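Just so it is clear, none of the values below were taken in a lab; they were calculated from the coordinates. Small disclaimer: the values here were computed from a predicted structure and weren't measured. Cβ coordinates were reconstructed from backbone atoms using ideal geometry, including for glycine residues, and neighbour counts include every protein chain displayed.
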Amino acid sequence: MKNLTFIFLTLMIISCQSNLEKELKSAKKITVVAHRGASGYLPEHTLPSKVMAHAMNADYIEQDLVLSKDDIPIVIHDILLDDVTNVSEKYPNRKREDGKYYVIDFTFEELKKLEVTERFDSKTGLQIYPNRFPKGVSSFRLHSFQDEIELIQGLNKSTGKNIGIYPEIKKPKFHHENGKDFSKIVLEILTRYGYSSKDDQCILQCFDAQELERIRNELKSKLFLVQLMEFPEQKNLLAFYASYADGIGPWYKHLISSKTTSGFSLTSIVEDAHKLGLVVHPYTFREDSLDEFDSFQQMIDVIIHKAGADGGFTDFPDRMREALESK
Ligand code: G3P
Ligand code: CA
């Protein structure tokens, strides 16, 4: 009888622990980052795509940044204009010897005259995601980082929300080579608009570890910093990243080691990062690019719930919210 009571009590304790773990897991706040805005629905990095992301209650809205000739940070993914604008029609004589058009060769006034469209392959002219907003339709323009901050802060005021910004400094080495201290310019703008500490709704990200480390140690930024990761071998550098950054942004595929008929096996990257106190925000969840997953729900279940990522970048902020809530 004593043995039975002991077994019964042990089972009760295990069951309570497992329920508590489940509750703690479901209570964890998952961060939804609108990748280039609600870019699954409107051309990436346009102001309308940012408004849509705000209306969809993303926690953060992303800005990829590149400098213009007159040192204005422009919200655009690449240092080139070729794949999202009509630059070759508008300024046919402004390409470099490599045949490409660089943001840094144009002033902000010149850039504002370009039409922005859904991303396309500049060699074939075909849009990358065929089922998204049609290429060449309606009218969209490039804008500055300041324009976008003012839009998001204005919407926060008018809606009573507190949605954050998630800027990325693109190609800092390229900017240094062109005589520009890009990070310094971005940090000054952030400070001017009230983003200077980890309590402010701003996460600053960069792929270049040397530059992000410089932002923390030389430029003395106190912002929440996320080290983006491109290659799986970078998992060996987590301790170094933790010496200056607060989080990592790996490609979601680097969280998966294999897929078999019995399911997904995971790498230890999330666990290792968490042990070092780093949050993990993988990129990029796309409903129209599922690769190894059967559904968007499965993608979110595996990367967020099974692997334990703290959030992630998505082109579809509404669908990510739905998938999180349906768990
Ligand atoms: O910054 C996170 C994610 O956006 C990284 O990929 O190439 O879209 O900037 P990319
Ligand atoms: Ca980015």
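Spin-label pair Lys184-Asp70: with each label point 7 Å from Cα along the Cα-Cβ axis, the two points sit 2.1 nm from one another. Among beta bridges identified by DSSP and lying wholly in the chain, the antiparallel ones come to about 30 percent. Within the shell of other residues whose beta carbon sits under 9 angstrom from the beta carbon of Gln205, the net charge comes to -2, with Lys and Arg scored +1 and Asp and Glu -1.
Which pairs in the list Lys50/Lys222; Lys28/Lys306; Lys29/Lys259; Lys28/Lys275; Lys69/Lys171; Lys95/Lys135 are over 19 Å apart, alpha-carbon to alpha-carbon? Distance filter (> 19 Å) returns Lys50/Lys222; Lys29/Lys259; Lys95/Lys135. Using 0.36 nm per residue and subtracting the Cα-Cα separation, the extra length available between Asn93 and Asp78 on full extension is 3.4 nm. Between the amide H of Thr117 and those of Thr85, distances stay under 5 Å, these residues lying 5 or more places away or on another chain, with hydrogens modeled in the peptide plane.
Overall size of the chain from C-alpha positions, given as principal axis extents largest first: 91, 45, 43 Å.
Counting only DSSP H runs of at least 4 residues, each contributing -39500 (n - 2.57), and dividing by the residue count of the chain, the helix-based mean residue ellipticity at 222 nm comes to -9500 deg cm²/dmol. I want to make sure I understand the PRE zone here: with the label point 7 angstrom from the Cα of Lys135 toward its beta carbon, which residues in the stretch 85-110 have backbone N atoms less than 18 Å away? Answer for this model: 85-91, 100-101. Simple spin-label estimate for Ala55 and Lys220 gives 4.4 nm between the two label positions (7 Å along the Cα-to-Cβ direction from each Cα).
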